[in-house]
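Read the figures in this text as sums done on the coordinates, not as results from a lab. Note that the coordinates shown come from a computational prediction; the quantities given were computed from them, not determined experimentally.
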Amino acid sequence: MSGPHRVAIALAAQMSLLEVASAYEVFSMAAARDHYSVKTCGAPSATIGTWLHADLDDDFEGLLSADTVIVPACGDRNRSQPPELIEAVGAAHEAGARVVSICTGAFTLAAAGLLDGRRATTHWRHAARLAQEYPRVEVDPGVLYVDAGTVLTSAGKAAGIDLCLYLIRKDVGPRVANDVARDLVMPPHRDGGQAQFIAPLRATDDDDVMTKVRTWVLDRLDQPLSISDIAAVAHMSPRQLHRRFLATTGVAPLQWLNSQRVFAAQNLLETTDLGVEQIASRIGMGTSTNLRRHFGKHAGVSPDAYRRTFRGESVV
């Protein structure tokens, strides 16, 4: 990708503030900022939540220069959508933009003719009406989002975030998507029953001694470490170490150590082709059996399932 990918979020009266703000936030987060530029486009008179205005004064013309156009939900009925919005969305797609809807924003895409002959989704509460009003659309109410090439649709509000993460993953790779997801405290690809894939607990204290101890431990994750080993480095008794760890990290030393090892395993699963046995050796878990046990406890899935989620290409 040459230059930041231009994301334009359509802004019209009665749109959902949460959907507008969440899409803006996902593509504006620190991990994504080098890859995307984000703006809102709409009528200057349109406000969302009584205070949010469009960035530009050119109505919806800003959509025409975007690489990706996002259309949040616009009221409960598509007939309340401004005709100029429908026209601009269609024109943006014709100009080469990828068009994305969140929730009932699918009605805007359908009104513009972009969903004809395509599989699409929307919030389950409105799926039957979408199918009734636009019979040429193949409505699937049972999925979080649908990728139909240059047109993508999602279900309710949270599914819109899932779709935005999917787009980042598709555009610039899993590493950036994973970082954004961790900042959001979300899995990068939501799949039923999976735990939240977030970085393990980290300390926020200014205790220099404990900071040095944790750094020492992180540099030796591949080695067998006991509480006595760590306590000796801190020049404390194991009991004193336990108290200081609880005070500065909120968890016991071994719990913190295991979480750091699982986090290291996550990074290796995401970025290398090493087998589970090799990873277990590198992070000090010893055996694949031991790694699988701790990994399942902390991440909620097996290492193999985690790797498929973060590196696989499957879509809903």
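Taking the inverse of the mean 1/r over every pair of distinct Cα atoms in segment 254-297 gives a Kirkwood hydrodynamic radius of 10.0 Å.
Of all lysines in the structure, those lying under 24 Å Cα to Cα from LYS39, and not within fewer than 8 positions of it along the same chain, are LYS157, LYS170. Is the shape of segment 208-311 rounded, prolate or oblate, going by the alpha carbon gyration tensor and its root eigenvalues a ≥ b ≥ c, with a/c under 1.5 for rounded and a/b larger than b/c for prolate? In terms of gyration-tensor shape, prolate.
Calculated over segment 5-184, the projected area of the Cα convex hull averaged across directions stands at 9.1 nm². Per-residue extension of 0.36 nm, minus the Cα-Cα distance of THR289 and ALA128, leaves a gain of 53.2 nm for this segment.
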